[in-house]
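Shown next, in structure tokens, is the structure this report addresses.
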Amino acid sequence: MSYLPFVLAAWIFLVGIFGIVRSRHFIHLVVCLSLTQSSTYVLLLSIGYVKHGGAPIFKDVPLGTKAVDPVVQALTLTDIVVSVTVAALLLALAIQAKKHAKTMNPDELRPVRG
Amino acid sequence: MTRRVRLALFGVAACGLAALLLWSITGLPKFGDYHGAYGKILNKRAPQERQTSNVVAAVVFDYRGFDTMGEELILFAAVMGVAMLLREPREEEAPVPEDPVRSDALRAFGVSFAGATLVLGLWIVAHGYVTPGGGFQGGVVLAAAFLLVWLAGSYRAYRGLARAPFVELAEGSGAGGYVVIGLCALLIGDAFLHNLLPYGVAGKLSSGGSIPLLNWASGLEVTAAFVLLFNEFLSERAVLIDPTRRPS
């Protein structure tokens with residue numbers, strides 16, 4: 001039980017990559033990549049968890065109350081923002097692929113010749 | 001490489017990676033037993049040192065403010081990238097597509113809901129350093145209010161609200177404002193992004209020194225960035241579903 005959240009993060013990561021490897025559609029691929037990245041949120045948040053700790057917000061809670069680690073929570077926030085921006089960029093590239101190569105299947109894209 | 005070979009290769013590699021991950025997990029502290037020094041010190045000291053009751057906000061906008069500036073600039077650059085990728089091949093502005101919403105009740109409900117969402121977003125941004133929330137979280141809610149206008153109202157109304165020059169200006173000043181606030185600290189002789197205003201009393205909106213300013217700058221940046229993304233993707237949709245241009 002005490003390692004379960006970490007194992008969950010590893011599982012989400014591997015499942016996400018599995019989805020990317022066997023993807024037949026760019027939108028599906030972007031969703032799989034977002035899933036892969038969400039494993040890092042699970043990992044960060046579960047590392048920072050302190051048993052019976054509350055949120056690191058000391059409003060109406062006396063200072064010194066047991067609370068979880070605020071640093072990893074801030075890192076997760078950064079992580080989410082980066083994940084969203086990457087997804088947006090990749091979706092824009094998917095639109096371009098649809099327009100120029102007339103396909104949404106990564107396997108059908110030919111290598112770019114210069 | 002055929003699909004079969006690729007999947008087989010992945011199977012082998014994934015088994016190896018899974019074994020390595022499981023091995024490394026056994027070296028981690030047990031779930032709930034984390035004893036990171038920084039988090040403990042911050043939880044103990046930040047509420048008094050910065051008069052900020054939300055320690056996560058204090059980390060994001062003060063102790064790790066420089067990191068957040070990088071994050072804002074990543075967002076800025078990515079949105080610029082999307083705009084450049086999608087705008088260049090769009091030769092002409094597509095005609096405004098018809099709106100699928102025909103029910104007046106749905107329209108009225110959706111548009112009034114957009115108002116409520118706007119207020120909620122402002123509230124989340126404003127209280128970000130007091131209670132859970134902040135510029136990033138509230139900014140996304142604010143952008144969702146714009147999206148609601150399109151979903152339940154009309155595309156024309158949405159375009160009227162989210163005019164490109166205005167949104168671009170807001171995005172630029174959000175990202176630039178953050179940097180300028182950092183430079184202000186340099187001007188008065190402190191380190192870059194050093195907290196330069198009086199800290200006030202924790203739990204009040206006036207607390208946290210320059211944390212509220214940075215919080216609002218990132219709120220503006222995130223809202224404008226998302227609205228700009230919606231703009232680009234929705235114009236793309238307008239081109240794709242334009243009935244006058246049949247795919248060749």
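The values are calculated or read from the model by the stated rules, or taken from the named source; none is laboratory data. Because the structure is a prediction, the values reported are computed rather than measured. Positions of Cβ are generated from backbone atoms using ideal geometry, with glycine treated the same way; all protein chains shown enter the neighbour counts. Remember, those area values only see protein heavy atoms, side chains included, never the ligands or the DNA or RNA. Shrake-Rupley method; radii C 1.70, N 1.55, O 1.52, S 1.80 Å.
What the table shows:
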item	result
Separation of the B:Ser206 and B:Asp33 label points, Cα + 7 Å toward Cβ, nm	4.8
Where A meets B: accessible area buried, both sides, 1.4 Å probe, Å²	4700
Region B:36-240, relative contact order [Cα under 8 Å, separation at least 6], %	31
Under-5 Å amide H pairs with A:Ala67, H placed in peptide plane, nonlocal only	A:Gly54
Fraction of accessible area attributable to carbon and sulfur, chain B (%, probe 1.4 Å)	71
Positive-end residue, the protein assembly as shown charge dipole about Cα centroid, Cβ charges, pick of B:Ala145, B:Leu161, B:Phe61	B:Ala145
For region A:49-114 and region B:210-235, distance of Cα centres in Å	16
Estimated [θ] at 222 nm from DSSP helical runs (n ≥ 4, -39500 (n - 2.57)) normalised by residues in chain A, nearest 500	-22000 deg cm²/dmol
The protein assembly as shown - charge dipole about Cα centre, Lys and Arg +1 at Cβ, Asp and Glu -1, debye rounded to 20	1020
Solvent-accessible area of A:Ile17 with every protein chain in place, 1.4 Å probe, in Å² to the nearest 10	50
Residue-level accessible surface for A:Lys66, protein heavy atoms, 1.4 Å, Å²	110
Nearest 10 degrees, 0 to 90: helix A:26-47 Cα axis against chain A principal axis	20
B:Trp23, B:Trp216, reordered so the largest accessible area comes first (probe 1.4 Å)	B:Trp23, B:Trp216
Helix axis angle, A:4-21 relative to chain A longest principal axis, alpha carbon, degrees	10
Dipole magnitude of chain B, debye to nearest 20 (Cβ charges: Lys/Arg +1, Asp/Glu -1, about Cα centre)	760
For region B:190-207, 3J(HN,Hα) per residue [Karplus equation, 6.51 cos²θ - 1.76 cosθ + 1.60, θ = phi - 60°, Hz, x = Gly/Pro]	9, 6, 4, 6, 5, 5, 10, 10, x, 6, x, 10, 4, x, 9, 5, 8, 8
Furthest towards positive pole of dipole, B:Ala217, B:Phe230, B:Gly172, structure part chain B, Cβ charges	B:Phe230
Hypothetical label at B:Arg45: residues of region A:45-70 whose amide nitrogen lies under 19 Å (7 Å Cα-Cβ projection)	A:56-58, A:63-70
Number of Lys pairs (Cα under 13 Å; 8 or more positions apart or on different chains) in the protein assembly as shown	5
